[in-house]
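Chemist: Can you keep this structure in mind? I'll have questions shortly.
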């Protein structure tokens, strides 16, 4: 699915948090969105996913204008954002959460649909698919644990699992490895690599870790003070003076010395 924003803007009082951002994201491409703290990255994500209402501009998905759609409507249209799914049902088990997401996806893709609260044994294929996803995120051994009891790292992995279960056209990850330890983070990064191999999917990634960005991104866009200031291939963008100064904090005179 092709995602695009046109002149997307939001104002909070006199402050412009995202300023007229026009950008498109193509299937088969992983775009990293970077910038210093307060640059507007997460706010831009919130505008795309419908968590915030834009002051101006549009969001389109495969040419369909989603600007007036709610967050849930955008999810059904094919926009998937991991944090939207956190603690979907905190008092249910890990497996039950994934089964619900798998069933919701099946209901949306079949005209006859399925009863969300029907007996699980009637839909063994849903359970099998849920178990496959839990295997992929290395959580099969925790399928019977309550979501509310999971440590932070496992909750982040569950977010990705839920997103995979819904199978959206656009995957949006906002610092997916934040708070994870060195053993947990590679699981998420490997999942993103696998998702990237599906050229029908569009992936957006907000990430502060430049080593992750360098490895995964096909393209980088840079936001600074809510404005899009750079867009291109990773090596060129990272080396550009505006990124060195705005994102990495390297002053122009230091750049010259390094050169």
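Chemist: For the chain, with a Gaussian network of springs between Cα atoms less than 10 Å apart, report the residue from 46, 181, 190 with the top mean-square fluctuation.
Modeler: 181
Chemist: Quick one: of the DSSP bridges fully inside the chain, what percent are antiparallel, nearest 5?
Modeler: For the chain, the DSSP antiparallel bridge percentage is about 55.
Chemist: With each run of n ≥ 4 DSSP H residues scored as -39500 (n - 2.57), what mean residue ellipticity at 222 nm is computed for the chain after dividing by its residue count and rounding to the nearest 500 deg cm²/dmol?
Modeler: Details: 10 runs with 98 residues, N = 259.
It lands at -11000 deg cm²/dmol.
Chemist: Still on this structure, I have one more. May I ask you to derive the relative contact order of the chain, considering only C-alpha pairs under 8 Å and at least 6 residues apart, and to give it as an integer percent?
Modeler: Details: 453 pairs, mean separation 73.0, N = 259.
For the chain, the relative contact order is 28 percent.
Chemist: Going by the alpha-carbon gyration tensor, a ≥ b ≥ c the square roots of its eigenvalues, is the stretch 1-90 rounded (a/c under 1.5) or, if a/c is not under 1.5, prolate (a/b greater than b/c) versus oblate?
Modeler: rounded
Chemist: Hey, with R₀ at 30 Å, roughly what FRET efficiency would residue 62 and residue 91 work out to, going by the Cβ-Cβ distance, to 0.05?
Modeler: Efficiency computed from Cβ-Cβ geometry: 0.25.
Chemist: Would you mind ranking 129, 64 so that the residue whose beta carbon has the fewest other beta carbons within 10 Å leads the list?
Modeler: 64, 129
Chemist: With everything on Cα atoms, drop me the angle between helix 124-136 and the longest principal axis of the chain, reported from 0 to 90° to the nearest 10.
Modeler: The two axes meet at around 40 degrees.
Chemist: Suppose R0 equals 22 Å; then what is the FRET efficiency for residue 24 and residue 195 from their Cβ-Cβ distance, rounded to the nearest 0.05?
Modeler: 0.70
Chemist: Let me ask another. Using a 10 Å cut-off around each Cβ, can you sort 2, 53 from fewest to most neighbouring Cβ atoms?
Modeler: 53, 2
Chemist: Sort out for me the Cα centre separation of the stretch 224-244 from the stretch 129-175, rounded to whole Å.
Modeler: 32 Å
Chemist: Another question, then. Sorted from fewest to most neighbouring beta carbons within 10 Å, what does the list 224, 152, 208 look like?
Modeler: With the sparsest Cβ surroundings first, the list reads 152, 208, 224.
Chemist: Also, quick follow-up: Measure off 7 Å from each Cα along the Cα-to-Cβ vector at residue 73 and residue 233, then give the distance between these two points in nanometres to one decimal.
Modeler: 4.1 nm
Chemist: What is the stretch 15-66 by shape, rounded, prolate or oblate, if you read a ≥ b ≥ c off the alpha carbon gyration tensor as root eigenvalues and call it rounded for a/c under 1.5, prolate for a/b larger than b/c, and oblate otherwise?
Modeler: Details: a/c = 2.07, a/b = 1.18, b/c = 1.76.
Since a/c reaches 1.5 but b/c is at least a/b, the shape of the stretch 15-66 is classed as oblate.
Chemist: Can I ask one more? What does the extension gain come out to for residue 144 and residue 2, with contour length at 0.36 nm per residue minus their alpha carbon separation?
Modeler: Gain in length upon complete extension: 47.4 nm.
No lab work stands behind these numbers, since they all come straight from the coordinates. Since this is a predicted model, take the numbers as computed values, not measurements. Backbone-built Cβ (ideal geometry, glycine too); neighbour counts: all protein chains shown.
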